[in-house]
1. Say R0 is 45 Å: what FRET efficiency, to the nearest 0.05, do residue 169 and residue 8 get from their beta-carbon distance?
2. Go ahead and set up a Gaussian network model of the chain, Cα springs under 10 Å, then flag whichever of 132, 281, 124 fluctuates most.
3. Given springs between every Cα pair under 10 Å in a Gaussian network model of the chain, which of 229, 153, 57 has the largest fluctuation?
4. What number, in nm² with one decimal, is the all-direction average of the projected area of the convex hull of the alpha-carbon atoms of the stretch 41-189?
5. Just from its helices, what would the mean residue ellipticity at 222 nm be for the chain, if runs of 4 or more DSSP H residues each count -39500 (n - 2.57) and the sum is divided by every residue, rounded to the nearest 500 deg cm²/dmol?
6. Cα axis of helix 240-250 to longest principal axis of the chain: angle in degrees, 0 to 90, nearest 10?
7. Nearest 10 degrees, 0 to 90: what angle lies between the long axis of helix 161-170 and the longest principal axis of the chain (Cα atoms)?
8. Can you tell me, using C-alpha contacts under 8 Å and at least 6 residues apart, the relative contact order of the stretch 33-85 as a whole percent?
Ligand SMILES: Cc1ncc(COP(=O)(O)O)c(C=O)c1O
């Protein structure tokens, strides 16, 4: 199969085969792990295309091409974690630049921007980007980018990618979309006008809670020079073995996403009917405030659900009572995980901002796995029954 043929293949097939379906030297159908930190030069001024592992590595290069292909970008860059990717991304901006950022986003991104880049002369406005008027009002002459998560983490608000792109492009800036929650199976921000896509590859792309990774995907030649330079200068590049784990995880991404999506839809509906649950946040509900918008820019709602318990005292009981669902901080893997954002993923966000975004002491976030949905529901049911026993 030639590379040309692969260009016309569907997402599911590219995920399975990557961009080089077998190793030309040996016929190996699993991409070899090139566990080498350096590469011999054939002669002075000559290179095999690989010189030093921080800069590039054949296993990582195949992963970068594959992720670029599935996100419909020209370039892909793989990092040691999602935060590594975001930190290198910021290097394409200059002190004095202003970025508008979704207020309801992964707490680690908030910490990186506010505690670190804030000190080095960058400024950030934290805005509910699902409200277009608020986003528009926050634009300043020095605004160079919009950085959005949609659906947002953890409140599941949806931001209009097309309108955001128009808004920032009029001012010559960039739209950056963290697409971790939906994966390229359900949302392709570059097709909707975004300039750069971010992924915590640790989540759905790896898919098995066994590897950390981060990605940037885009199609801009000038940005590519800056990003490659940042990647090689900072050294947060993905290691060869982890690149291989990601390639293996990607092979099943499409079928995993289908199952996450189906399970989450059933569980969101079930949670809604529970008397100890106050409210469920899930973009697949027809009465979700941005349901139509979500339908217009995605092909699925994903596996993430947040919900408020009525009684904050139920939180501890629920977290200790679940057994199929694991109380752990992450998302997007085959195992269902439950998180308490207040003290875990969003602890870095100041209280006033957290509360205004809706992250309070009753909020739980569920990453629905691919187990039998009956077992997940039975687990939640037993845990909520235990809450009723202990807290009346
Ligand atoms: C939406 C989102 N973006 C970025 C990150 C950071 O990724 P990593 O943990 O791989 O550094 C996370 C981590 O939870 C996340 O949920």
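Only the coordinates and a few stated rules stand behind these numbers; no lab work does. Every value quoted in this text rests on a predicted model; they were computed, and no experiment measured them. FYI the Cβ positions are ideal-geometry reconstructions off the backbone, even for glycines, and counts take in every protein chain you see.
1. Efficiency for this residue pair is about 0.90.
2. 132
3. 229
4. 10.4
5. The helix-only estimate for the chain comes to -10500 deg cm²/dmol at 222 nm.
6. 60
7. 60
8. On the way: 41 pairs, mean separation 12.1, N = 53.
In percent, rounded to a whole number, it is 23.
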